[in-house]
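Participant: I am attaching a structure below and will ask some questions about it afterwards.
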Protein chains: 4
Amino acid sequence: MKKPSRFLQTPIEPFAVDHGLTADEILSRMERISFQGRNLAIARRIWRKMLDDDVTIFLGMAGALSAGGLRLIVARLIADRYVDCLVSTGANLYHDLHETRGKHHYLGSAQADDAMLAQEGIDRVYDTFASEDEFIDNDSWIAEFAASLEPRPYTTREFLYLLGGHLWTTTERDGILTSAYRANVPIFCPAIADSSIGMGLSQARQKVPGTGYIDIIGDVVESANVIIRRPRTASVVLGGGTPKNFINQASVQAEFFSDDVSGHRYAVQIVTDVPHFGGASGSSLEEAQSWGKLATDSDRVSVQADATIALPLLVSALAEVDPHVLTRRRKPVLTLAYRIMTIDEQTI
Amino acid sequence: MKKPSRFLQTPIEPFAVDHGLTADEILSRMERISFQGRNLAIARRIWRKMLDDDVTIFLGMAGALSAGGLRLIVARLIADRYVDCLVSTGANLYHDLHETRGKHHYLGSAQADDAMLAQEGIDRVYDTFASEDEFIDNDSWIAEFAASLEPRPYTTREFLYLLGGHLWTTTERDGILTSAYRANVPIFCPAIADSSIGMGLSQARQKVPGTGYIDIIGDVVESANVIIRRPRTASVVLGGGTPKNFINQASVQAEFFSDDVSGHRYAVQIVTDVPHFGGASGSSLEEAQSWGKLATDSDRVSVQADATIALPLLVSALAEVDPHVLTRRRKPVLTLAYRIMTIDEQTI
Amino acid sequence: MKKPSRFLQTPIEPFAVDHGLTADEILSRMERISFQGRNLAIARRIWRKMLDDDVTIFLGMAGALSAGGLRLIVARLIADRYVDCLVSTGANLYHDLHETRGKHHYLGSAQADDAMLAQEGIDRVYDTFASEDEFIDNDSWIAEFAASLEPRPYTTREFLYLLGGHLWTTTERDGILTSAYRANVPIFCPAIADSSIGMGLSQARQKVPGTGYIDIIGDVVESANVIIRRPRTASVVLGGGTPKNFINQASVQAEFFSDDVSGHRYAVQIVTDVPHFGGASGSSLEEAQSWGKLATDSDRVSVQADATIALPLLVSALAEVDPHVLTRRRKPVLTLAYRIMTIDEQTI
Amino acid sequence: MKKPSRFLQTPIEPFAVDHGLTADEILSRMERISFQGRNLAIARRIWRKMLDDDVTIFLGMAGALSAGGLRLIVARLIADRYVDCLVSTGANLYHDLHETRGKHHYLGSAQADDAMLAQEGIDRVYDTFASEDEFIDNDSWIAEFAASLEPRPYTTREFLYLLGGHLWTTTERDGILTSAYRANVPIFCPAIADSSIGMGLSQARQKVPGTGYIDIIGDVVESANVIIRRPRTASVVLGGGTPKNFINQASVQAEFFSDDVSGHRYAVQIVTDVPHFGGASGSSLEEAQSWGKLATDSDRVSVQADATIALPLLVSALAEVDPHVLTRRRKPVLTLAYRIMTIDEQTI
């Protein structure tokens, strides 16, 4: 009889539907199917491994996740310290601020007549609507706050901590910015200029010359130092963009200064972009190894899926982990209230 | 005070993670978020509406869903009569038969060395492996069965019913073919020639001249008649391809013969292909209206997602519906054992 | 000084724009750039190699290429014998027949109101419109022709040859069907039932019982025999679908019967679908090797691009090859007028 | 006789292959086909209209276009003033600088073993390789230059002008940065921190405290003022990302301050991302209207294609326009050598 092939070891186990399956049970059964379903199940397994290990977990978020209804999932990940540091586009923080201030995004339609929407002052994000007037009000609110700060350059990390604090004091509502403020989780926003927060900052300068200065190169230094101080890291990326690259670049920059750094130990990315057009957003985690962004023996998985499907399922499953996992996690302790942040009591 | 815009009626409600959420609870919360998450939630809502209405539900399946671990979900949809008629690619039925015969597909890797796999007789479907020898054995098994039949043309509907029956008798195992046989759910396979079942049929003819004849134009006639006899229909499509078009074509063909037919009343599609390259697989449900494939007032939703993520979640949620919904469903009664099928006791 | 790396041998040469570049010059300069541009340039190089070699070239076409304005490119590839055998979806042949009969498709818009189009009898293919009445007229024309044939099963290869002949006699216009008829290039259409040609055939049977029989399993046998008789083959695939798989399956089936067959020697595919959802349309050419569909030492390239951009550029470049390349090509000689075809004077 | 439908006015004209077609002839014939081929042809038509009109043309570039061999096309667009202002990711400027400094990117393979590449110090961008040591040398070169500047904040526009000048003085080679310097075309780089240029700037600060300060909010102000001073604008976007949004945001911000601004008059985007996941990169030009980013009566087209195919063809076609079109173009006159730029002799 022929010896079974080394390539045929673990059979696919067809997904069995049962009544009342929870998120964790669903993803557990998806470990033995194929394609992106399996990859999403692996993402859950890797994230759980991160929580048990001694690693600083970076979360990157791009795409219209806040407007699209995922901001409280991210807030929860921050509050319960499933992650230790957020890198975000400006838009996600802006749309978070919008809702934390008590405004809303609305169910809309992708087939809407945009000329008519423009006339009525409605901004469209695919199938989601918002009021332009309310956005203009946010811009002023941000401008006013930024204009009230001592006129000097701020890293986005410092500025967003202060903004989150101001937002918390004003609203006492949960959201990404407020949760990060309360949990002392730093937020970096490398492309802050390319967002309505950037517009608000430019209006601050209009009001009070000398205000609205952002020191994004300071963010480059600080993010690298976070890794130098605590070289074991993990990366969870939603949607590519500047956050994905910034998290990787921090590791590469850190390696330039410290021999202890050798790329992220774990990497999960949930993306819709693809590798074959060469852009960074869709680039594979294998390619990231060639750059040293990722350790060559890292646990890693790339899930090709819209985050609005993948994240509710994945984080609902993570919410089923034993709470002790989170309490005994060796998470970094950060202080963010000053110009210079600290991690585990070391300045950065 | 400004009147609120008619475009801003229902706020997005950020997904709130809780401990132990079931599939149905997850999808229910996804109704108020955006993008494909919302669309998947709408798919659940529309499918539930179909179950309450008096419609014949077609299910189309393309892509490597059986090899990829979804065959028992489809079997379940058939057995519990969430659907009334299956249109499938040949490959999905073949890989189903493979596992029902006790063989397996295996967890593999998309980064495998294909030259080495070829050398070891391993066939790869993205991240999934199978034994070529076992596939050759299936081909012979199908050839032998087909060669044993009375040598005349068979519609795929009749042939697949007989094949399912033979498979059930031989194995008594659940699967798509066997469940469809037992539940009297017809299967059409318009591109059967383009699959290993087609290869098996061609080998039958090699063995016994005159066998292995398939009458696919008979399938065109029969599928249209199914709709003519019972003009209220719904379409659930996984992955585009020939099944998607065949289900629509049946409706268009039926309309040609009967004024009672005016397109599917409900349509759900879970696809990864996109509209803007013009192909039928990725075509929008709006476009389908222009052809009369879909009623212009139909409930419809297109979900851009890999079925290996979307289907386990969606069908797990459907499994939570009150069982009475299924028992009181006005599902068509079909007989398939003969050359001419009947629906609700009318011949076709 | 450090030795240069073996990985850094051939520099990228930035594309230099010049006045009046022809298609061939453009693709020649694209050989030294990256991503899909390079891949399209490689496609040109491989196709030219095929023309110099002694191989039977299969062309597969899926997607709405005929409706979309590419039918005369395909007709040209057939007439000048850049290819030897066509495998197509039914829709592409149907839309070709439509225009060869003197009707048109029309510039339309992807943002059209489909309910209004439905009302006016306009069928939409993304940004392209056509008249439903004219389509119904085609169906009748096909039905009438099919009903006039001797009532016996026809392979699609035989039926489409006869249809092409009838079309040529009636119209004397260039098109895919008529060019294939005149150049004795066989056309296989494994999913013919899933198209308006299939609908026409089913209407034939309505008119004249016993007509409209298609023997698609005969196509499986014949396509394999084409390869057995002449085992060196090449595959050019536009858009995945049943044609892609059928061309590969023919090789696998042929290998089952003949030791001389060992997969296509060359493979070019121009696709928009991606590998990571597991479907055959987007599957990689590397994966095809594991199945033996492709020789492991084959020249191959996969181009991720819409054929409506890639094909005009690629075939315009091919049209610049020295005409002697085509005349001295060792192309197979086929006869198609009978129930049994011949290749290089051998029956199949 | 039935009146012809208003929807059926302009027939599709199948692309006719001829010997020696130039880029412009190819795109001209593609105007009458469908899908993305037609869209690319429309892009050419719209760009030609822009050149005849009195508009400031913004070019956005994201994705690995410079590494991928398109930098001299962009340099040409700048030098010949097909465009007036560039918004780019940092990576594209960095990879341009790399080659302008005489280094190369190399033809590589997407199937490479990344662990082995990492070991040999090779960085991979899909199918393209580069030397990490050479990259590190660039970083130092940038750091040294930045450290030599007067220690004050610089907008990216000012810094990149100075960097381009230094590069030109050092190398006298054509490239994006040097061409922009010589043609007085401003470059904005809103996410400069998220790139190796950002890493070089952070190293400058390490060397000389007080250097490496970038004032990206100043860029927000300046880019809006460019539009306020000359409110008729056009947008050509390659690949989404921060450049796409920044160009749109500049218009929205400008509208906030000036009633003369009402969105871009023309918009062309060549993207591979899709709208249905809600991200800005793939968002439709229709959606942009709702935000006022685009005039509701703008000429616009979105082309779904890899820029490495679309751009060589499109710009080769544009290179065939009558040179007088470019000389008589009413292009803005800019001065960039100082902290405050001017446009048409007005300070900004």
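The values are calculated or read from the model by the stated rules, or taken from the named source; none is laboratory data. Just so you know, these numbers come straight off a predicted model, no measurement behind them. Glycine gets a Cβ as well: all are built from the backbone with ideal geometry, and neighbour counts include every protein chain shown. With ligands, DNA and RNA removed, areas are computed over all heavy atoms of the protein, side chains included. Shrake-Rupley method; radii C 1.70, N 1.55, O 1.52, S 1.80 Å.
Participant: What is the protein assembly as shown by shape, rounded, prolate or oblate, if you read a ≥ b ≥ c off the alpha carbon gyration tensor as root eigenvalues and call it rounded for a/c under 1.5, prolate for a/b larger than b/c, and oblate otherwise?
Facilitator: Working: a/c = 1.68, a/b = 1.45, b/c = 1.16.
Prolate is the answer for the protein assembly as shown, as a/c is 1.5 or above and a/b outweighs b/c.
Participant: Between the range B:171-244 and the range A:1-80, how far is it from one alpha carbon centroid to the other, in angstrom?
Facilitator: 35 Å
Participant: Under the definition of partner shielding as Cβ atoms of other protein chains within 10 Å of a residue Cβ, what is the mean value for peptide D:133-144?
Facilitator: Rounded to a whole number, the mean comes out at 1.
Participant: Restricting things to alpha carbons, find the Rg to Rh ratio for the range D:183-315 using the Kirkwood radius for Rh.
Facilitator: Result for the range D:183-315 is an Rg/Rh of 1.02.
Participant: Report the D-C buried area as the accessible area lost on both sides summed, probe 1.4 Å, in Å² to the nearest 100.
Facilitator: The contact between C and D buries close to 5900 Å².
Participant: So, in nm, how far is label D:VAL208 from label D:SER109 when the simple model puts each one 7 Å beyond its Cα toward the Cβ?
Facilitator: If labels sit at D:VAL208 and D:SER109, their model points lie 4.6 nm apart.
Participant: With charges only on Cβ, +1 for K and R and -1 for D and E, what is the dipole size of the range B:1-159 about its Cα centre, in debye, rounded to 20?
Facilitator: Dipole size: approximately 1480 debye.
Participant: Any idea what the B:SER5 label distances to the other copies are, label 7 Å down the Cα→Cβ vector, nm, shortest first?
Facilitator: 3.3, 5.1, 5.7
Participant: Please report the antiparallel percentage of the DSSP beta bridges confined to the protein assembly as shown, to the nearest 5.
Facilitator: The answer is about 30 percent antiparallel.
Participant: I'd like the distance separating the alpha-carbon centroids of the range D:323-348 and the range B:276-292, in whole Å.
Facilitator: That distance is 46 Å.
Participant: Give the value in nm², to one decimal: projected area of the alpha carbon convex hull of the range A:239-345, averaged over all directions.
Facilitator: That works out to 9.0 nm².
Participant: Which percent, nearest 5, of DSSP beta bridges in chain D are antiparallel?
Facilitator: Percent antiparallel among DSSP bridges in chain D is about 30.
Participant: Measuring from a point 7 Å out along Cα→Cβ, what nm distances, shortest first, does C:HIS324 have to its partners in the other copies?
Facilitator: 4.4, 8.4, 8.6
Participant: While we're looking at this one, here's another question. For the range D:301-345, just run the numbers: alpha carbon Rg, then divide by 2.2 N^0.38 Å, N being how many residues it has.
Facilitator: Taking the Cα Rg and dividing by 2.2 N^0.38 Å, one obtains 1.71.
Participant: Contour minus end-to-end for A:VAL325 and A:LYS3, with contour as 0.36 nm per residue of separation and end-to-end as the Cα-Cα distance?
Facilitator: Taking A:VAL325 through A:LYS3 to full extension adds about 111.7 nm, to one decimal.
Participant: Sticking with this structure for a sec: How high is the relative contact order of the range A:53-134? Use alpha-carbon pairs under 8 Å, at least six apart in sequence, and give a whole percent. Mind showing how you got there, number by number?
Facilitator: Numbers: 89 pairs, mean separation 22.8, N = 82.
The value is 28 percent.
Participant: May I ask you to give the average projected area over all directions of the convex hull of the Cα atoms of the range A:225-295, in nm² rounded to one decimal? Spell out each step's value before the answer.
Facilitator: Values: hull surface 17.0 nm².
For the range A:225-295, averaging the hull's shadow over all directions gives 4.2 nm².
Participant: Rolling a 1.4 angstrom probe over the protein heavy atoms, how many square angstrom per residue are accessible across the range B:213-267?
Facilitator: Computed with neighbouring chains in place, this is 25 Å² per residue.
Participant: Moving on. Find the chain B residue whose Cβ sits closest to the rotation axis that carries B onto D, and give that distance in whole Å.
Facilitator: B:VAL274, 3
Participant: I would also like to ask the following. Provide a list, ordered by number, of residues in the range B:21-54 showing at least 50 Å² less accessible area with every protein chain present than when their chain is taken on its own, using a 1.4 Å probe.
Facilitator: B:PHE35, B:GLN36, B:ARG38
Participant: Separate question: Compute the accessible area per residue over the range C:1-148, keeping the other protein chains in place, probe 1.4 Å, unit Å². Write out the running numbers ahead of the final one.
Facilitator: Details: 4770 Å² over 148 residues.
In whole numbers, the range C:1-148 has 32 Å² accessible per residue.
Participant: For the charge dipole of the range D:24-82, defined by +1 on Lys and Arg C-beta atoms and -1 on Asp and Glu C-beta atoms about the Cα centroid, which residue among D:VAL74, D:PHE58, D:ILE33 has the Cα displaced farthest towards the positive pole?
Facilitator: D:ILE33
Participant: Further question: With the crude spin-label approximation of a point 7 Å out along Cα→Cβ, what separation in nm comes out for D:ARG48 versus C:ALA337?
Facilitator: 4.8 nm
Participant: Suppose R0 equals 25 Å. What FRET efficiency, 1/(1 + (r/R0)^6) with r the Cβ-Cβ distance, do B:GLU144 and B:GLU172 give to the nearest 0.05?
Facilitator: It comes out at approximately 0.85.
Participant: Which of rounded, prolate or oblate describes the range A:57-127 when judged by the alpha-carbon gyration tensor and an a/c cut-off of 1.5?
Facilitator: Taking the square roots of the gyration eigenvalues as a ≥ b ≥ c, the range A:57-127 is prolate.
Participant: OK, next. Could you please state how large a percent of the accessible area of the range C:23-169 is carbon and sulfur, counting protein chains only and using a 1.4 Å probe?
Facilitator: Taking all protein chains in place, the range C:23-169 shows 47 percent carbon and sulfur surface.
Participant: What distance in nm separates the simple spin-label points at C:ARG101 and C:ILE136, each placed 7 Å from Cα in the Cβ direction?
Facilitator: About 1.3 nm, to one decimal.
Participant: On to the next question. Which whole-number value in Å³ per residue fits the convex hull of the alpha carbons of the range B:87-210?
Facilitator: Roughly 107 Å³ of hull volume per residue.
Participant: Place the label 7 angstrom along Cα→C-beta at B:LYS207 and in each other copy, then list the distances from the first to the rest in nm, shortest first.
Facilitator: 3.9, 7.9, 8.3
Participant: Work out the length of the dipole vector of the range C:274-348 about its Cα centre, built from +1 on the beta-carbon of each Lys and Arg and -1 on the beta-carbon of each Asp and Glu, and round it to the nearest 20 debye.
Facilitator: Working: 7 positive and 9 negative charges, 62 e Å.
Its charge dipole is roughly 300 debye.
Participant: Over all directions, how big on average is the projection of the convex hull of the alpha-carbon atoms in chain D, in square nanometres?
Facilitator: Quarter of the Cα hull surface area: 21.5 nm².
Participant: Using the crude model of +1 on Lys and Arg Cβ and -1 on Asp and Glu Cβ, and no other charge, please compute the dipole size for the range B:21-106 relative to its Cα centre, in debye to 20.
Facilitator: 260 debye
Participant: Return a whole-number percent for the relative contact order of chain D, with Cα pairs under 8 Å and 6 or more residues apart as the contact set.
Facilitator: About 23 percent, as a whole number.
Participant: What is the ratio of the Cα radius of gyration of the range C:1-144 to 2.2 N^0.38 Å, with N the residue count, to two decimals?
Facilitator: My calculation over the Cα atoms of the range C:1-144 gives 1.48.
Participant: Let's test the formula: R0 of 35 Å, r as the Cβ-Cβ distance of A:PHE256 and B:GLN119. What FRET efficiency results, to the nearest 0.05?
Facilitator: Numbers: r = 43 Å, r/R0 = 1.23.
In this case the efficiency is close to 0.20.
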